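Derivation of every value follows stated rules applied to the coordinates shown; laboratory data play no part. Just so you know, these numbers come straight off a predicted model, no measurement behind them. We place every Cβ from the backbone using ideal geometry, glycine too, and count neighbours over all the protein chains shown.
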Amino acid sequence: MSLIEETVTEWIGQLKSGDEQAAQRLWESYFQEMVEVARHKLRGAPRAMADEEDVALSAFKSFCLGAQNGRFSQITDRENLWPLLVAITSHKTVDLIRNENRQKRGGTGKSGDSAQRKKQTLDSVNFEEIIQKQPSPEFALQLAEELERLLLLLDKTGDSTLRQVALDKMEGETTTKIAQSLGCARRTIERKLQLITRLWQEDCNL
């Protein structure tokens, strides 16, 4: 395990214990990548809607809430953290588009002062407040649905082991342990993990 991987693993553990500084460090490490995911998902949406930084902020807050309240016990390291952040961010973009469309159909759509609101929000992130709140059951259900959608992408490859590899990794299993359970070489599992990452990244770019 590299130094970066060890550090992220430590931050995740600290975040689950309510460490505000760990939340800040994870924010600094992943926020811009989450913004890019949101930007790709919102590509083609009206500019008033395409507020990718707000989406990434909302997604990160939801992750912190869930981690603090024990909803993501399977997330233990850098490799299984990123797919979860992608799933949450993707879910948030879908929510944004649905809400905007709902407002327009009801005749109450407002562009608002998005830029100013975004700046105020980003400048006043309160991680202590984030990790003290409880995420809604509805969000947990929607997130589970998004994760299942990502797993279905793996099933479409025809490789029946990809889903199991992804799930085992999310449960915190080491690459070596997964290889042993599937009766194959560690390098084989590493290639499968690379394929899983590529497929999910490509999905984010659609």
In terms of modelled amide H atoms, which long-range or inter-chain residues lie less than 5 Å from the amide H of residue 74? none
Rounded to one decimal in nm, the spacing of the 7 Å Cα→Cβ label points at residue 36 and residue 174 is 3.0
Over 22 Å (Cα to Cα) - which of 169/192; 92/177; 61/192; 92/192; 41/192; 41/61 fall in this group: 92/177; 61/192; 92/192; 41/192
Could you derive backbone 3J(HN,Hα) for region 162-169 from the dihedral phi with the Karplus parameters 6.51, -1.76 and 1.60 (θ = phi - 60°), listing whole Hz in sequence and x where the residue is Gly or Pro? 4, 4, 5, 4, 4, 5, 4, 5
How large is ³J(HN,Hα) for each residue in region 71-82, as worked out from phi by the Karplus curve 6.51 cos²θ - 1.76 cosθ + 1.60 (θ = phi - 60°), to whole Hz, x for Gly and Pro? 7, 10, 4, 6, 8, 10, 8, 4, 5, 9, 6, 4
Provide the per-residue ³J(HN,Hα) series for region 88-94, in order, calculated from phi with Karplus coefficients 6.51, -1.76, 1.60 and θ = phi - 60°, each as a whole number of Hz, with x at glycine and proline positions. 5, 5, 4, 4, 5, 5, 5
Measure off 7 Å from each Cα along the Cα-to-Cβ vector at residue 152 and residue 17, then give the distance between these two points in nanometres to one decimal. 4.0
Within-9-Å neighbourhood charge of residue 94 [Cβ basis; K, R +1; D, E -1]: +1
Determine the gain in length on full extension of the stretch residue 202-residue 190; use 0.36 nm per residue of separation and subtract their C-alpha separation, reporting nm with one decimal. 2.5 nm
